[in-house]
Amino acid sequence: MDLVNSLEGRLLFAVPKKGRLLQAALNLLEGADIQFKRENRLDIALVKNLPIALVFLPAADIPTFVGEGRVDIGITGYDQVQEHDAGVRAIARARRMSNEWSPKDEKPRGCDTILDLGFGSCKLQIQVPAKGEYQTDKDLIGKNIGTSFVHLASEYFARLELEQEGIKVDSTASYAGRKLRTKIIELSGSVEAACALGVADGIVDLVESGETMKAAGLKAIETVVETSAILIKSKAPSNPAMVDLIAARINGVITAQKYVLCQYNVPRAQLVDATKVTPGKRAPTVTSLEEDGWVAVSAMVEKKRIAPVMDDLTKVGATDILVLDIHNTRGS
């Protein structure tokens with residue numbers, strides 16, 4: 001099969017090829033009924049039931065491919081999008097300061113966030129040796145910082161240095177590409193070992209549970225970015241209608257994961273009290289029963305709240321309370 005020619009007419013959907021986001025992303029695709037088989041050693045898979053091709057890429061590269069319009073839609077971390085955008089700002093600043101730049105060179109680039117996918121939550125944090133001399137982020141000005149998030153770290157310390165110089169900093173402004181006294185050292189892996197090996201005085205790295213950080217003898221002193229997995233799209237996707245379809249399906253899966261369907265019977269006299277406990281997303285469904293004076297109620301309830309909701313329903317006189325899983329849904 002000529003895979004390159006098979007991509008013609010298909011929406012390109014980037015998925016992390018490995019790492020902490022991969023399995024959750026695959027589960028999301030399965031829930032959205034995006035059917036595919038990935039052959040060994042191939043980073044492209046054709047979807048069987050939709051005109052889509054999945055492209056498996058490093059999560060850090062996905063914002064670049066989507067932002068340049070090479071891929072239409074993708075799943076990656078918010079931190080990776082912010083790192084990519086900071087890099088774009090740094091390049092733009094460097095070009096503007098040279099004679100190479102002109103307004104005609106500027107092309108619409110970047111990506112738009114469609115959905116927060118609700119998994120992969122962690123923090124990009126500044127970390128230092130737990131028993132070391134550094135207690136605040138300002139203590140690291142002029143020191144060596146190891147990170148794989150070079151552009152975000154550079155912007156962060158650029159702001160710190162300006163504040164130290166008494167210059168008012170705009171939190172929304174970009175300081176990408178500014179010459180620093182702090183040395184940002186790019187590391188592609190095992191960032192947490194940089195301090196112990198004498199490569200860096202502090203690091204900027206992702207923290208999920210904190211176990212790896214503690215095992216490396218480090219502590220967090222500041223958060224640069226809070227992140228989770230997001231669905232992004234290019235500024236000009238090849239098939240906007242298909243992007244909307246994918247977004248609707250994935251949003252349905254996410255909603256289904258958050259809610260359960262609660263069904264119960266209750267005397268009509270207690271219906272008002274019962275529906276206060278289960279108001280539903282829009283409104284509960286109420287159906288009369290064959291037995292006079294009784295109704296059946298169905299309502300979506302947040303999964304994390306279902307135990308106290310069942311307790312409260314029992315108190316107001318509800319019986320035959322059932323909780324059912326929701327596999328997918330549509331609508332806001």
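The values are calculated or read from the model by the stated rules, or taken from the named source; none is laboratory data. Owing to the predicted nature of the structure, the values given are computational and were not obtained by experimental measurement. FYI the Cβ positions are ideal-geometry reconstructions off the backbone, even for glycines, and counts take in every protein chain you see. Side chains are part of the model used for accessible areas, which takes the heavy atoms of the whole protein and leaves out ligands, DNA and RNA. Shrake-Rupley method; radii C 1.70, N 1.55, O 1.52, S 1.80 Å.
Of all positions in region 15-24, at least one carries a residue that is touching a residue at least 60 places away in the same chain (Cβ under 8 Å), within 23 Å of GLN257 (Cα to Cα) and touching a helix residue (DSSP H, G or I) at 6+ places or on another chain (Cβ under 7 Å).
Within region 295-321, being in contact with a Phe, Trp or Tyr (Cβ under 7 Å, 6 or more places away or on another chain), in contact (Cβ under 8 Å) with a residue 40 or more places away in the chain and either aliphatic (A, V, I, L, M) or in a helix (DSSP H, G or I) (or both) holds for MET300, VAL301, LYS303, LEU313, ALA318, ILE321. Between ALA229, ALA196, ALA256, ALA283, the distinction of being modelled with pLDDT under 95 and either open to solvent by less than 60 Å² (accessible area, probe 1.4 Å) or assigned by TED's automatic domain parsing to the domain that holds ARG10 (or both) belongs to ALA256 only. Being closer than 23 Å to ALA90 by Cα, out of contact with any helix residue (DSSP H, G or I) (no Cβ under 9 Å at 6 or more places or on another chain) and among the small types (Gly, Ala, Ser), is that true of even one residue in region 136-150? Checked region 136-150: no residue is closer than 23 Å to ALA90 by Cα, out of contact with any helix residue (DSSP H, G or I) (no Cβ under 9 Å at 6 or more places or on another chain) and among the small types (Gly, Ala, Ser).
With respect to being open to solvent by 30 Å² or more (accessible area, probe 1.4 Å) and either under 21 Å from ASP79 (Cα atoms) or not assigned by TED's automatic domain parsing to the domain that holds ILE221 (or both), ASP170 fits the description. Cβ separations smaller than 8 Å between residues 6+ apart or across chains give the following pairs from region 127-145 residues that are under 11 Å from LEU180 (Cβ atoms) to residues that are in a helix (DSSP H, G or I): ILE141/PHE157; ILE141/LEU160; ILE141/GLU161; ILE141/GLN164; ILE145/ALA153; ILE145/PHE157. Close Cβ contacts (under 7 Å, 6 or more residues apart or on different chains) running from residues in region 179-192 that are in the same structural domain as GLU155 (by TED's automatic domain parsing) to residues that are among the β-branched types (Val, Ile, Thr) and open to solvent by 40 Å² or more (accessible area, probe 1.4 Å) comprise ILE185/VAL199; GLU192/THR212.
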